[in-house]
Amino acid sequence: MTPVEVIRGDGPVVLGLPHTGTHVPDAIAARLNARGRGLDDTDWHVERLYDGLLVGATTVRATFHRYVIDANRDPAGASLYPGQNTTGLVPLTDFDGEDIWDEPPTADEIEARRAAFHAPYHAALAAELDRVREVHGVAILYDCHSIRSHIPFLFDGTLPDYSIGTNDGAACDPRVEAAVTRICAAADGYTSVANGRFKGGWTTRHYGRPADGVHAVQMELAQSTYLAAESAPWDYDDDKASRLRPHLARILDTLAGLAPQLGGPR
């Protein structure tokens, strides 16, 4: 299986999907414990949730699971949130702080996974952002994520339905953050926050360079907004999703419409 799948569009928006993949090579799966083999920390069905919402969007999707290696972590291994509980480049625990390995990977094995999985994903993502920026003069990276709304190991209380991350505004033009924040705040029946517990992962922080024409925003959705339950078997809830999808479509349409203001065609 290839580590990354790309669907090219002709618009200014690129959707990143680093955590929807569930592929774990047999040799790696054999070293996970029973808890790890459950793959509980997947961004379940996010690719389905966003499918078809924006005509012309480019999609870059990792096919491998984050337990193989996390495509949204610094390849050098630096923590995204120093001093806070989080998971690393190759997680040793799940989001509940429980061990997931019978045999944790060695440093050499982590480097091999970086080269085989992490690097190809980001090579593809960087190439698509460059291609889109060449056409439109600007590229808008919208990084698609979801997470359980209640995980005491990672954060207190319950997450808002929409957690918008822009690296405290450094990853995009202020108009991008304002537009996404405004749409989420106006979405009836949903809660939202910008740069709360999640400020954007390595992808948002690495690629978000507004001065260079690349604007990045991460959307972390509470899984309660579109799953039947935030537990196995992680079933997609069509009714919940049908209520959520129009708001997501409005966000993507608005971002695409902002592109000419951020940097017109060359």
*Just one of ARG73, ARG35, ARG8 is charged (D, E, K, R), surrounded by 13 or more Cβ atoms within 10 Å (Cβ to Cβ), more than 24 Å from ARG243 (Cα to Cα) and under 13 Å from the mean Cα position of the chain (by Cα); which is it?*
ARG73
*Under the condition of being of a type in the set (D, E, K, R) and touching a Phe, Trp or Tyr at 6+ places or on another chain (Cβ under 9 Å), which residue from the stretch 239-266 is nearest to VAL14 (Cα to Cα)?*
ARG245
_Considering only the stretch 57-69, I want to know if a residue exists there that is among the hydroxyl-bearing types (Ser, Thr, Tyr), touching a helix residue (DSSP H, G or I) at 6+ places or on another chain (Cβ under 6 Å) and outside any loop (DSSP other than H, G, I, E, B)._
yes
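Here's a check for you: in the stretch 220-241, which residue that is part of a strand (DSSP E or B) and touching a strand residue (DSSP E or B) at 6+ places or on another chain (Cβ under 6 Å) is farthest from THR191 (Cα to Cα)?
The qualifying residue farthest from THR191 (Cα to Cα) is GLU220.
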*touching a strand residue (DSSP E or B) at 6+ places or on another chain (Cβ under 9 Å) and in contact (Cβ under 8 Å) with a residue 40 or more places away in the chain, is that true of ASP143?*
yes
_Single residue of PRO91, PRO105 found to be touching a residue at least 12 places away in the same chain (Cβ under 8 Å) and over 16 Å from HIS19 (Cα atoms)_ = PRO105
*Got at least one residue in the stretch 249-265 being surrounded by fewer than 16 Cβ atoms within 10 Å (Cβ to Cβ), touching a residue at least 60 places away in the same chain (Cβ under 8 Å) and not in a helix (DSSP H, G or I)?*
yes
*Of the residues in the stretch 184-209, how many are surrounded by 19 or more Cβ atoms within 10 Å (Cβ to Cβ) and part of a helix (DSSP H, G or I)?*
7
*Only residues that are in a loop (DSSP other than H, G, I, E, B), touching a Lys or Arg at 6+ places or on another chain (Cβ under 9 Å) and more than 20 Å from LEU252 (Cα to Cα): list them for the stretch 116-167, please.*
LEU154, PHE155, ASP156, LEU159
_Just to be sure I understand, how many residues within the stretch 17-51 are outside any helix (DSSP H, G or I), touching a residue at least 60 places away in the same chain (Cβ under 8 Å) and out of contact with any His (no Cβ under 9 Å at 6 or more places or on another chain)?_
7
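Throughout, read-outs are computed from the coordinates displayed, never taken from laboratory work. Predicted model, so just to flag it, every value in this text is computed and none were measured. We place every Cβ from the backbone using ideal geometry, glycine too, and count neighbours over all the protein chains shown.
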